[in-house]
Amino acid sequence: MELKVFRKGFNHSQDGPGNRLVYHLQGCNMRCTWCSNPEGIAMDGVLMVKNEDLIDGVCPHGAITGKTLDREICLRCAARECVTLNRNQGIQFSAQVWDVEAIVNEAKRSIPLFYDGGGVTLSGGEATVQFEALRLLLQRLKEEGIHTAIETNGSHPRLRELFPLIDYLIIDFKHHDDSRLKEGTGVGNLVIKRNVAQALSCHQQLLIRIPLIAHFNDSDVDAEHFAAFFRQFDTGHACFEFITYHEYGKDKWAQCGMPYRFKDGFVDEKTLAQFQTVFQSSQLDVIHT
Ligand code: SF4
């Protein structure tokens, strides 16, 4: 079985414990306009273009003129010689197809590097969009004794089926309000809330991440609503982390040929402190990874 991956690399304790090999799986069901990995959104992948490095000769179909790519021509191009035959710096294709067993073998070779309790993290995009291949990969990693983590937006209706295969579960919980989440991402939060409730009831290693984004979810009232939702549950074994809005992925939107429309998303230190205070006063364990 195969998986599409758009990026991989090591990090330490940012996406699970210890030193980890992180695979970013292609495709996402949400459409967050502030996304920092826009190349991971489309299920089939996207051409990423650095205009300054474009070379006419790599395209036999005339799609490149000077430092401009005509993506309309690319839409009709199945061969994609610019990335298959004429590899170059100017154009990359985001999605790479991996056999599940090839990832398992790479993870096995990396075991000496998984120090401090590390292992493999499957992130996105949204990792659960490739549900069956993801499940097989998690199964195989567990069979090999490799610590597993996933980072998910929590919206897959069958997420719970994966819990026994996930040692460390990271759920991004972007909004407490269903209609506001739908406005911001195209997906409501009813399934997400159910998955979070189930995870809180049965998963021992759980990190809930809340992105703080101005004019979307950062008001004092929002802080109270977020905390009120989590106060319903026994959160004794869960941790919470706030990730403040950033624009690290902004340049990639242009490379993907998509306009970056989100504006004024930065939140200040006072807002972050307010959320931390509200959560801590609700006995919700706030951490920073
Ligand atoms: S995808 Fe096809 S048409 Fe577009 S630049 Fe590459 S080779 Fe040319």
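The values are calculated or read from the model by the stated rules, or taken from the named source; none is laboratory data. Model, not experiment: these values are computed from the prediction. Using ideal geometry, Cβ is built from the backbone for each residue, glycine included, and neighbour counts are taken over all protein chains shown.
Only a single item in (1) away from the ligand (no atom under 16 Å from the Cβ); (2) without any contact (Cβ under 8 Å) to a residue 24 or more places away in the chain is not met by Glu132, and it is number (2). Looking only at residues in region 73-86 that are among the hydrophobic types (A, V, I, L, M, F, W, C) and within 6 Å of the ligand (Cβ to nearest atom), which one is surrounded by the most Cβ atoms within 10 Å (Cβ to Cβ)? Of everything passing the filter in region 73-86, Cys82 is surrounded by the most Cβ atoms within 10 Å (Cβ to Cβ). Please verify whether region 25-37 includes one or more residues that are within 19 Å of Phe6 (Cα to Cα), assigned to a strand (DSSP E or B) and more than 13 Å from the ligand (Cβ to nearest atom). For region 25-37, residues within 19 Å of Phe6 (Cα to Cα), assigned to a strand (DSSP E or B) and more than 13 Å from the ligand (Cβ to nearest atom): present.
Kindly check whether there is at least one residue in region 47-56 that is more than 16 Å from the ligand (Cβ to nearest atom) and either assigned to a loop (DSSP other than H, G, I, E, B) or under 30 Å from Gly145 (Cβ atoms) (or both). Within region 47-56 (the criterion being more than 16 Å from the ligand (Cβ to nearest atom) and either assigned to a loop (DSSP other than H, G, I, E, B) or under 30 Å from Gly145 (Cβ atoms) (or both)), the answer is no, since none of the residues qualifies. Once region 228-279 is narrowed to residues that are of a type in the set (Val, Ile, Thr) and farther than 22 Å from Gly125 by Cα, the residue that is modelled with the lowest pLDDT is Thr235. Checked against the criterion of being loosely packed, with under 14 Cβ neighbours inside 10 Å and not aliphatic (A, V, I, L, M), the candidates Gln130, Gln139, Gln89 yield just one match: Gln89.
If you go through region 57-72 and keep only what is outside any strand (DSSP E or B), near the ligand (Cβ under 10 Å from one of its atoms) and within 22 Å of Lys252 (Cβ to Cβ), you end up with Val58, Cys59, Ala63, Asp70, Arg71, Glu72. Taking region 74-121 as the range and being among the hydroxyl-bearing types (Ser, Thr, Tyr), over 18 Å from Leu165 (Cβ atoms) and touching a residue at least 40 places away in the same chain (Cβ under 8 Å) as the test, the residues that pass are Ser94, Ser110, Tyr115. Among the residues of this structure, Pro157 counts as one that is surrounded by fewer than 17 Cβ atoms within 10 Å (Cβ to Cβ), within 20 Å of the chain's Cα centre (by Cα) and on the phi < 0 side of the Ramachandran plot.
Just one of (1) over 17 Å from Glu224 (Cα atoms); (2) out of contact with any helix residue (DSSP H, G or I) (no Cβ under 6 Å at 6 or more places or on another chain); (3) surrounded by fewer than 15 Cβ atoms within 10 Å (Cβ to Cβ) fails for Gly257. It is (2). Exactly one residue out of Asp167, Asp222 is closer than 30 Å to Gly117 by Cα and of a type outside the set (A, V, I, L, M), and it is Asp167. Filtering Phe230, Phe226, Phe279, Phe275 for residues that are more than 23 Å from the chain's Cα centre (by Cα), in a helix (DSSP H, G or I), surrounded by 20 or more Cβ atoms within 10 Å (Cβ to Cβ) and not basic (Lys, Arg) leaves a single hit, Phe279. Scanning region 233-250 for residues that are surrounded by 12 or more Cβ atoms within 10 Å (Cβ to Cβ) and under 22 Å from the mean Cα position of the chain (by Cα) returns Ala238, Cys239, Phe240, Glu241, Phe242, Ile243, Thr244, Tyr245, His246, Glu247, Gly249, Lys250.
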